[in-house]
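Derivation of every value follows stated rules applied to the coordinates shown; laboratory data play no part. Only a predicted model underlies this, so the values are computations on that prediction, with no experimental measurement involved. Counting neighbours? That spans all protein chains shown, and the Cβs are built from the backbone with ideal geometry, glycine included.
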Amino acid sequence: MRVAVIGVGMTKFGKHPDKSLVDLFADAFFEALEDANIELKNVEAIYFGNFVGEMTDGSANLSGFVADEVGLKNIPAIRYEGACASSSVAFREAVRAVKAGYYNCVAVGGAEKLLSAGTAIGTRALATAVDGVYEMAAGLTFPGVFALAARYYAKKYEIPLQKLREMMAHVSVKNHKYGAVNPKAQFYGKYGDLKVEDVLNSRMICSPLTLLDCCPMTDGGSAVIVANEKFAKEVCGDPVYVLGTGQASGGSLFRQGEDIIKAIPRKIAAEMAFREAKITPKDVDFVEVHDCFTIAEIIALEAMGFFEYGTACYATAEGVTSIDGDLPVNPDGGLIGKGHPVGATGTSQIYTAVKQLRNEFKWNQVKDARIAMTDTLGGDFGTLVNIILGVD
Amino acid sequence: MFMEFFNSLLEGKLLGMKCKDCGSYTCPPKHTCNSCSSRNLEKTILSGKGTVKTYTVTYVAPMGYEKEVPYVVALVELDEGPWIIGRLDVDPKIAEENDLTDKRVSIFAKEMPSEMFYPMKEKRIVPYFRIEG
């Protein structure tokens with residue numbers, strides 16, 4: 001039996017010092033529940049993604065608290081941690097459990113509060129996703145990971161670094177443009193008319209990446225309702241189906257050698273998802289990719305098979321990935337424009353994909369979208385999840 | 001084996017593993033060969049020489065590392081094959097104004113303060129790369 005997504009919800013991304021992690025999940029969960037038009041008692045389990053609640057809010061063991069908060073006492077509730085891919089891992093596990101027949105209907109989501117934690121704690125918390133012994137000895141940060149990748153990309157593909165920086169800046173310009181029109185985005189109403197020069201000239205974080213090459217720190221929550229086809233058809237005539245999923249893993253950045261710009265685990269995860277969905281990259285109408293940094297979007301599109309290695313930078317600068325291009329990428333603003341509440345990011349990509357496939361994403365709708373793909377990366381190519389969704 | 005790796009590096013020795021099955025090197029040591037996943041490994045001391053593949057000057061540091069900025073993090077390809085992470089022992093300005101990729105380097109170690117979450121609580125031993133010539 002097929003598995004469907006029947007409801008989606010997300011908080012506004014941004015700063016929520018007045019909400020706990022549990023509150024952020026609950027807000028998104030009830031929006032998804034109403035969207036699905038089902039009753040609370042229909043939800044049989046909760047799959048919850050959170051990355052660093054211990055460090056930002058002093059809270060671990062969150063799954064029981066989120067279940068209790070939404071009024072679902074005593075159901076199985078599990079926390080998943082795969083860094084930035086936490087709720088995508090949770091989503092894939094939920095899909096597999098429903099497909100296997102364990103449940104008819106479950107909730108998946110995530111929450112994170114990195115903006116309220118402040119830059120120093122936030123940067124240290126994010127850095128827990130790199131190798132804790134050898135990479136932390138050197139003080140490697142997340143912008144650092146992609147800064148290393150960017151310089152190597154320029155070298156390997158024989159692109160002058162300054163030229164690559166300009167092409168990378170187009171990712172930021174595009175994603176901020178789309179984030180600025182998305183009411184749920186952290187930068188809604190801001191930075192909609194950035195120029196390449198603005199990105200190049202903003203504050204240097206880890207050379208060659210500037211502040212505007214980076215996604216922001218974000219507080220937020222997201223949730224989706226996953227059900228089997230039978231239940232889905234009872235409550236909503238025409239659901240969005242999960243066509244395929246893939247997941248793979250990788251070790252420390254330095255162990256990957258020259259593959260640091262090839263994201264091999266992502267290539268494997270994407271191929272797994274394409275095989276299961278019985279489609280090829282050409283069949284995908286738009287993608288939500290993990291643009292934690294500008295160069296990350298470029299590397300992702302190549303590893304997923306949409307462009308040859310070393311060429312997505314040119315395609316991006318030429319507008320191929322814009323809303324009216326051949327392959328719209330991150331029409332909701334992506335992590336850069338919409339924000340990146342780590343544990344909530346994966347299911348927020350599912351939120352956008354579902355809204356787009358239902359033709360409900362009116363502020364930046366992809367025309368005639370039938371098949372969408374999401375891509376979430378945890379760590380320095382440590383946890384990769386790809387999901388393909390579609391409508392009949 | 002990370003403690004042994006760092007303490008050896010302080011004495012000027014770069015500890016790695018040689019695979020008795022495929023012949024390739026893994027550094028720092030791991031339970032399995034980084035090339036073929038074999039457990040048939042033997043400890044060995046590597047040359048400590050290599051080539052800079054990529055680097056970044058870090059201006060925004062995590063909590064516990066703020067006093068060290070700006071610092072230069074680099075990936076170096078050792079002559080025996082493995083890539084290794086550490087810091088370039090160079091003025092960050094020089095790293096920004098010049099292309100230091102492909103430079104030949106040799107490895108050594110510096111003791112730095114540990115921080116609340118780092119696994120070695122007494123001190124942090126940081127691999128450093130000195131540019132040769």
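Quick notes
- If you go through region B:98-119 and keep only what is more than 8 Å from every other protein chain (Cβ to nearest Cβ) and hydrophobic (A, V, I, L, M, F, W, C), you end up with B:L100, B:V105, B:I107, B:F108, B:A109, B:M112, B:M116.
- Qualifying residue in region A:184-203 (condition: among the polar types (S, T, N, Q) and outside any loop (DSSP other than H, G, I, E, B)): yes
- Meets criteria (touching a residue at least 60 places away in the same chain (Cβ under 8 Å) and of a type outside the set (D, E)) for B:V52: yes
- The residues listed here are A:A111, A:A107, A:A129, A:A120; of these, the one that is in a helix (DSSP H, G or I) and not hydroxyl-bearing (S, T, Y) is A:A120.
- Criterion violated by B:L46 - all others in (1) over 15 Å from A:F254 (Cβ atoms); (2) buried (at least 20 other Cβ atoms within 10 Å of the Cβ); (3) among the aliphatic types (A, V, I, L, M) satisfied: (1)
- Hits in region A:338-366 (condition: over 17 Å from A:I225 (Cα atoms), in contact (Cβ under 8 Å) with a residue 40 or more places away in the chain and over 12 Å from the mean Cα position of the chain (by Cα)): A:W363, A:N364, A:V366
- Unmet criterion (only one of (1) touching a residue at least 40 places away in the same chain (Cβ under 8 Å); (2) crowded, with 20+ Cβ neighbours inside 10 Å; (3) in contact with a helix residue (DSSP H, G or I) (Cβ under 9 Å, 6 or more places away or on another chain)) for A:E258: (2)
- Residue in region A:362-380 that is under 24 Å from A:I261 (Cα atoms), of a type in the set (G, A, S) and out of contact with any strand residue (DSSP E or B) (no Cβ under 7 Å at 6 or more places or on another chain) present: yes
- Criterion violated by A:I323 - all others in (1) among the hydrophobic types (A, V, I, L, M, F, W, C); (2) touching an Asp or Glu at 6+ places or on another chain (Cβ under 6 Å); (3) more than 22 Å from A:E112 (Cβ to Cβ) satisfied: (2)
- Taking the criterion of being under 20 Å from the mean Cα position of the chain (by Cα) and outside any helix (DSSP H, G or I), the residues of region A:252-273 that qualify are A:K262, A:A263.
- Any hit, region A:197-208, residues being of a type in the set (V, I, T), closer than 24 Å to A:A85 by Cα and away from chain B (no Cβ under 14 Å): no
- When residues of region B:20-42 are limited to those that are away from every other protein chain (no Cβ under 14 Å) and basic (K, R), the one farthest from B:L78 (Cα to Cα): B:R39
- Positions within region A:210-226 being buried (at least 18 other Cβ atoms within 10 Å of the Cβ) and either touching a Lys or Arg at 6+ places or on another chain (Cβ under 9 Å) or in a loop (DSSP other than H, G, I, E, B) (or both), in sequence order: A:T210, A:L212, A:D213, A:C215, A:P216, A:M217, A:T218, A:D219, A:G220, A:G221
- Test: residue in region B:58-69 that is more than 8 Å from chain A (Cβ to nearest Cβ) and more than 20 Å from A:K156 (Cβ to Cβ): yes
- Those helices (runs of 4 or more DSSP H) lying entirely in region A:1-103 with at least 2 residues of a type in the set (K, R): A:86-99
- So A:G144, is it of a type outside the set (A, V, I, L, M, F, W, C), within 12 Å of chain B (Cβ to nearest Cβ) and surrounded by 24 or more Cβ atoms within 10 Å (Cβ to Cβ): yes
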